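Okay, so here's the structure we're looking at.
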Amino acid sequence: MAKRTKPAAKRSAPAVKFPKVGANELLTLLDFVRFAVSRFIEAKLVFAHGTTDPTAEAAFLICEALHLHPDQFETFVSARVTVAEAKKILDLIERRVTTRKPAAYLVNKIYMRGLPFYVDERTIVPRSFIGELLDSHFGGEDDEAGGSLIADPQAVESVLDLCTGSGCLAILASRNFPNAAIDAVDISKDALAVAARNVGDYGLDHRLTLHRGDLFKPLGNARYDLIISNPPYVDAEGMAGLPRECRAEPKLAFDGGADGLDIVRRILDEAASHLNPQGGLLCEIGRGREALEAAYPQLPLLWLDTEDSQGEVFWIAAADLA
């Protein structure tokens, strides 16, 4: 009888080798930035989680290791670090390279519009353009865009954030609309746990209510002056090609179906029943503009650009949805 052979062991991917750094080889914050940038480029990391390039990512991690706000980096760029601080910085750089996890998960923090928010693997790392648009297009008649989509932010009494994730956009909306009660909805229990922490950190429990459910379902017949949403909108092609960093995030927060618009369609189809007559919908859809305009040729969608995006966020008034 033939001798039974053992199946060949699966070969694991080779471990990423991280270079050793000798004492006093790196001294200043700028030295560590240069070292980190070289390692990030060498490892072909992807940057899509609050920073857009290796230099910004390096500065972010170094500031977090040193308990500095990102805005303080230039002030201390030539400052030297202690031995203990150097070890902490190098550990973060190495973990970013070897794990390929988003930097925000390594430090449990992300900044939006200069404000810090807690984040971990239970929720997507927030990186929406809507925060910038709330400042540029919803500040009243004299806002920086030269014409606000809402005449008086003080008069906004109710805001809904759909697919809130970590709650960042809902919290930013509470600052833009100081007299509004905010509802925020997500289908993920884990994401809402993160959102609850952020809501508590900003002392908004009295103004911001979290709801667990599928889009509008947990809200009954409630109506709002403004609905904002950064829903899952990655299409099938995009899901198949997600970089390793993004695969560390919850799939539920990305997957928008074959063309990326499964959730967006539902929001558009149901929003009119949840908007006050003078209200409107602000929604981010990534690269789905062409598909959306083909699906809804009758809707006068207004596309809003930011410093880093074109045609990824639309606004539509309640009257036009009806």
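Here are the numbers:
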{"read-out": "Residue selected from segment 240-259 under the condition among the aliphatic types (A, V, I, L, M) and part of a helix (DSSP H, G or I), by the criterion farthest from Asn221 (Cα to Cα)", "value": "Ala240"}
{"read-out": "Residues that are part of a helix (DSSP H, G or I) and among the hydroxyl-bearing types (Ser, Thr, Tyr), drawn from segment 154-179", "value": "Ser174"}
{"read-out": "Residues (basic (Lys, Arg) and touching a residue at least 24 places away in the same chain (Cβ under 8 Å)) located in segment 225-257", "value": "Arg244"}
{"read-out": "Answer residue from segment 59-73, given it is in a helix (DSSP H, G or I) and either among the small types (Gly, Ala, Ser) or more than 10 Å from Ile89 (Cα to Cα) (or both) and is most open to solvent (accessible area, probe 1.4 Å) among those", "value": "Asp71"}
{"read-out": "Residue list for segment 6-29, filter: hydrophobic (A, V, I, L, M, F, W, C) and either surrounded by fewer than 17 Cβ atoms within 10 Å (Cβ to Cβ) or at pLDDT below 95 (or both)", "value": "Ala8, Ala9, Ala13, Ala15, Val16, Phe18, Val21, Ala23, Leu26, Leu27"}
{"read-out": "Some residue of segment 88-99 being part of a loop (DSSP other than H, G, I, E, B) and surrounded by fewer than 20 Cβ atoms within 10 Å (Cβ to Cβ)", "value": "no"}
{"read-out": "Residue list for segment 224-265, filter: among the aromatic types (Phe, Trp, Tyr), crowded, with 22+ Cβ neighbours inside 10 Å and within 15 Å of the chain's Cα centre (by Cα)", "value": "Tyr233"}
{"read-out": "Qualifying residue in segment 301-316 (condition: in contact with a Ser or Thr (Cβ under 6 Å, 6 or more places away or on another chain) and open to solvent by less than 10 Å² (accessible area, probe 1.4 Å))", "value": "no"}
{"read-out": "Test for Val46: is it of a type outside the set (Phe, Trp, Tyr), in a helix (DSSP H, G or I), touching a residue at least 40 places away in the same chain (Cβ under 8 Å) and open to solvent by less than 50 Å² (accessible area, probe 1.4 Å)", "value": "no"}
{"read-out": "Tally of residues being small (Gly, Ala, Ser), under 19 Å from Val119 (Cβ atoms) and out of contact with any Phe, Trp or Tyr (no Cβ under 9 Å at 6 or more places or on another chain) across segment 37-64", "value": "1"}
{"read-out": "Exclusive hit being modelled with pLDDT of 95 or more, under 26 Å from Asn108 (Cα atoms) and outside any strand (DSSP E or B), set Val199, Val185", "value": "Val199"}
{"read-out": "Matching residues, segment 173-196, being open to solvent by 10 Å² or more (accessible area, probe 1.4 Å) and not charged (D, E, K, R)", "value": "Asn176, Pro178, Asn179, Ala181, Ile187, Ser188, Leu192, Ala193, Ala196"}
{"read-out": "In segment 49-58, the residues that are acidic (Asp, Glu) and surrounded by fewer than 17 Cβ atoms within 10 Å (Cβ to Cβ)", "value": "Asp53"}
{"read-out": "Test for Ala79: is it surrounded by 18 or more Cβ atoms within 10 Å (Cβ to Cβ) and modelled with pLDDT of 95 or more", "value": "no"}
{"read-out": "Hey, Ala145 modelled with pLDDT of 95 or more, under 23 Å from Arg127 (Cα atoms) and small (Gly, Ala, Ser) or not", "value": "no"}
{"read-out": "Residues located in segment 74-83, provided they are within 31 Å of the chain's Cα centre (by Cα) and assigned to a helix (DSSP H, G or I)", "value": "Glu74, Thr75, Phe76"}
{"read-out": "Residue check, Leu204 touching a strand residue (DSSP E or B) at 6+ places or on another chain (Cβ under 9 Å), at pLDDT 95 or above and open to solvent by less than 50 Å² (accessible area, probe 1.4 Å)", "value": "yes"}
{"read-out": "Test result for Ala222, part of a loop (DSSP other than H, G, I, E, B) and in contact (Cβ under 8 Å) with a residue 24 or more places away in the chain", "value": "yes"}
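The values are calculated or read from the model by the stated rules, or taken from the named source; none is laboratory data. Small disclaimer: the values here were computed from a predicted structure and weren't measured. Because the Cβ atoms are built from the backbone with ideal geometry, glycine has one as well, and the counts that use them run over all protein chains shown. Heavy atoms of the whole protein, side chains included, go into the accessibility calculation; ligands, DNA and RNA do not. Shrake-Rupley method; radii C 1.70, N 1.55, O 1.52, S 1.80 Å.
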